[in-house]
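Undergrad: Please read through the structure below; I'll follow up with questions.
The values are calculated or read from the model by the stated rules, or taken from the named source; none is laboratory data. Just so we're clear, the structure is a prediction, and the values are computed from it rather than from any experiment. Every residue, glycine among them, receives a Cβ derived from its backbone with ideal geometry; neighbour counts consider all protein chains shown.
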Amino acid sequence: MDTYGCQYTLDGQKLDNRHASGLVATNAVTGLSATRPGSRAFVEALWNSPVPQQWVERYYDGLLHIMSLLHCGGRYRIYPPKETGTWDHKRCAVVLTYDDAIDNHLDKVMPELDSAGLTATFYLIGSSPAVSRRIGDWRKVAAKGNELGNHSLFHPCDGSLPGRNWITSENDLSKYTVRRAVNEIRANNELLSAIDGRSARTFAFPCGDLRIRDTLFYDSLKNDFVAARGTNSGLETVDRTDLSNIRCYGINGQNADYMIGLVKQAMESRSLIVFLFHGVGGGHNINVALEDHRRLIGYLKEHEKEIWVAPMVDVAEYIRGQRVYR
């Protein structure tokens, strides 16, 4: 049992005296299924044999040794990699965004986020009274890990589009030059940096308007921001997210079941979902009830082991990093 060679002629003459580890291993697999007396000894020989160490045996014989041990031990099966989430080792990512710098974001949203230990992105309009009056409060928001995103200085929207008669001539994006739009957005960046001391942040298109006439004005701002959020709806994946126009779900009157249902879809598809809020419990004509918002926050907290909740800038930087890694 300890001296047989590894090569023989058809009539039984030994050609190679080496007691090969690979042959010992495969004989054990055969012996396990054999019924002849003495077959068990071949299995025990594998168990008692050392792991192949010599250079002549380490690769091929070593592989046969490991595979045969698995087979004889009943553990020869597929070992898939341990499943990890796409989003920071979690099943999906959720970004909560709050537009227009509303007092309710400070007075109603922040207490909810703080109680759950979650963070979000607040897209501030630099000229909003809720910014100038409450700079200290916004600084505290940023200090807790939330992002102060750029929503422009004056929130200009394209007044040439249907249903936009509420837009004043001063804030009509269609009457802007690209230079003016870019300069105002950069000025707002300076303001936000003075509040939070940061340089990396994201942008949100006012009214979701991407163009000044035929020009995509954000093309002149790509080096100023990590990413930009739009207003078109849809889930996002790491590979296919357009960081110049990240999709989101605008919330206006939908209940908690609807919002939680979207999160479940994101979990199932291992996607990113971005929520766009304005008023929460009032403060804006586009609004979500405070209780429905609270239920969403509670669901995210309850499932925090599966859901990565983070500001937009963190998620966008993560996507950039994943693309470089791949």
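Undergrad: Residue by residue through region 170-209, note down the ones that are under 25 Å from the mean Cα position of the chain (by Cα) and touching a residue at least 24 places away in the same chain (Cβ under 8 Å). Outline the logic, then answer.
TA: Going through region 170-209, the residues under 25 Å from the mean Cα position of the chain (by Cα) turn out to be 196, 198-206, 208.
Across region 170-209, the qualifying residues are Asp196, Arg198, Ala200, Arg201, Thr202, Phe203, Ala204, Phe205, Pro206, Gly208.
Undergrad: Quick check on my filter: what residues within region 29-67 are under 47 Å from the mean Cα position of the chain (by Cα), surrounded by 13 or more Cβ atoms within 10 Å (Cβ to Cβ) and either farther than 20 Å from Arg77 by Cβ or among the small types (Gly, Ala, Ser) (or both)?
TA: Across region 29-67, the qualifying residues are Pro52, Glu57, Arg58, Tyr60, Asp61, Gly62.
Undergrad: So Gly74 passes all but one of these: (1) in contact (Cβ under 8 Å) with a residue 24 or more places away in the chain; (2) over 30 Å from Tyr299 (Cβ atoms); (3) under 42 Å from the mean Cα position of the chain (by Cα). Which condition number does it fail?
TA: It is condition (1) that Gly74 fails.
Undergrad: Okay, next question. What do you reckon, is Phe225 surrounded by 15 or more Cβ atoms within 10 Å (Cβ to Cβ), aromatic (Phe, Trp, Tyr) and more than 23 Å from Leu161 (Cα to Cα)? So that I can check it myself, show each step before the final result.
TA: Values: surrounded by 15 or more Cβ atoms within 10 Å (Cβ to Cβ): yes; aromatic (Phe, Trp, Tyr): yes; more than 23 Å from Leu161 (Cα to Cα): yes.
Answer is yes for this residue.
Undergrad: Could you list all residues from region 119-135 that are under 12 Å from Ile195 (Cα atoms) and without any contact (Cβ under 8 Å) to a residue 12 or more places away in the chain?
TA: First, pick out the residues of region 119-135 that are under 12 Å from Ile195 (Cα atoms): 124, 126, 131-132, 134-135.
Hit for region 119-135 is Ser132, nothing else.
Undergrad: Take region 208-217 and flag every residue that is within 16 Å of His151 (Cβ to Cβ) and either aliphatic (A, V, I, L, M) or surrounded by fewer than 17 Cβ atoms within 10 Å (Cβ to Cβ) (or both). Walk me through how you get there before you give the answer.
TA: Here is the first cut: in region 208-217, the ones within 16 Å of His151 (Cβ to Cβ) are 208-210, 217.
Listed by number, the residues that qualify are Gly208, Leu210.
Undergrad: Out of all the residues in region 88-105, is one or more modelled with pLDDT of 95 or more, closer than 17 Å to Ala143 by Cβ and assigned to a helix (DSSP H, G or I)?
TA: Scanning region 88-105 turns up at least one residue that is modelled with pLDDT of 95 or more, closer than 17 Å to Ala143 by Cβ and assigned to a helix (DSSP H, G or I).
Undergrad: Kindly state which helices (runs of 4 or more DSSP H) lie completely within region 126-235 and contain at least 3 residues that are among the polar types (S, T, N, Q). Let's see the steps before the verdict.
TA: Values: elements: 129-132, 135-143, 178-196.
Qualifying helices (runs of 4 or more DSSP H): 178-196.
Undergrad: It is to be established whether one or more residues within region 6-28 are surrounded by 17 or more Cβ atoms within 10 Å (Cβ to Cβ), touching a residue at least 60 places away in the same chain (Cβ under 8 Å), under 49 Å from the mean Cα position of the chain (by Cα) and not assigned by TED's automatic domain parsing to the domain that holds Phe275.
TA: no
Undergrad: Restricting the search to region 103-155, which residues are charged (D, E, K, R) and either closer than 21 Å to Trp308 by Cβ or not assigned by TED's automatic domain parsing to the domain that holds Ser193 (or both)?
TA: At the first step, the residues of region 103-155 found to be charged (D, E, K, R) are 103, 107-108, 112, 114, 133-134, 137, 139-140, 144, 147.
Hits for region 103-155 are Glu112, Asp114, Lys144, Glu147.
Undergrad: Considering only residues that are in contact with a helix residue (DSSP H, G or I) (Cβ under 6 Å, 6 or more places away or on another chain) and either acidic (Asp, Glu) or in a loop (DSSP other than H, G, I, E, B) (or both), which ones fall in region 283-305?
TA: Gly283, Asp292
Undergrad: So which residues in region 238-249 are at pLDDT below 95 and either not acidic (Asp, Glu) or not assigned by TED's automatic domain parsing to the domain that holds Leu148 (or both), if there are any at all?
TA: Pass one, region 238-249, residues at pLDDT below 95: 238-240.
Of everything in region 238-249, those that are at pLDDT below 95 and either not acidic (Asp, Glu) or not assigned by TED's automatic domain parsing to the domain that holds Leu148 (or both) turn out to be Val238, Arg240.
Undergrad: Is it the case that Gly253 is over 18 Å from the mean Cα position of the chain (by Cα), assigned by TED's automatic domain parsing to the domain that holds Arg198 and surrounded by 18 or more Cβ atoms within 10 Å (Cβ to Cβ)? Please lay out each step first, then the result.
TA: Details: over 18 Å from the mean Cα position of the chain (by Cα): yes; assigned by TED's automatic domain parsing to the domain that holds Arg198: yes; surrounded by 18 or more Cβ atoms within 10 Å (Cβ to Cβ): no.
No, not satisfied.
Undergrad: Scan region 2-36 for residues that are in contact with a Gly (Cβ under 9 Å, 6 or more places away or on another chain) and not in a helix (DSSP H, G or I) and jot them down.
TA: Once the filter is applied, which keeps residues that are in contact with a Gly (Cβ under 9 Å, 6 or more places away or on another chain) and not in a helix (DSSP H, G or I), region 2-36 yields Cys6, Lys14, Leu15, Asp16, Asn17, Arg18, His19, Ala20.
Undergrad: Evaluate the following for Val109: is it farther than 14 Å from Arg294 by Cβ, modelled with pLDDT of 95 or more and crowded, with 18+ Cβ neighbours inside 10 Å?
TA: Details: farther than 14 Å from Arg294 by Cβ: no; modelled with pLDDT of 95 or more: yes; crowded, with 18+ Cβ neighbours inside 10 Å: yes.
No; evaluated as a whole, the condition is false for this residue.
Undergrad: Look at region 43-65 and say how many of its residues are in contact (Cβ under 8 Å) with a residue 40 or more places away in the chain, in contact with a Leu (Cβ under 8 Å, 6 or more places away or on another chain) and under 14 Å from Met1 (Cβ atoms).
TA: Adding up the residues that qualify gives 0.
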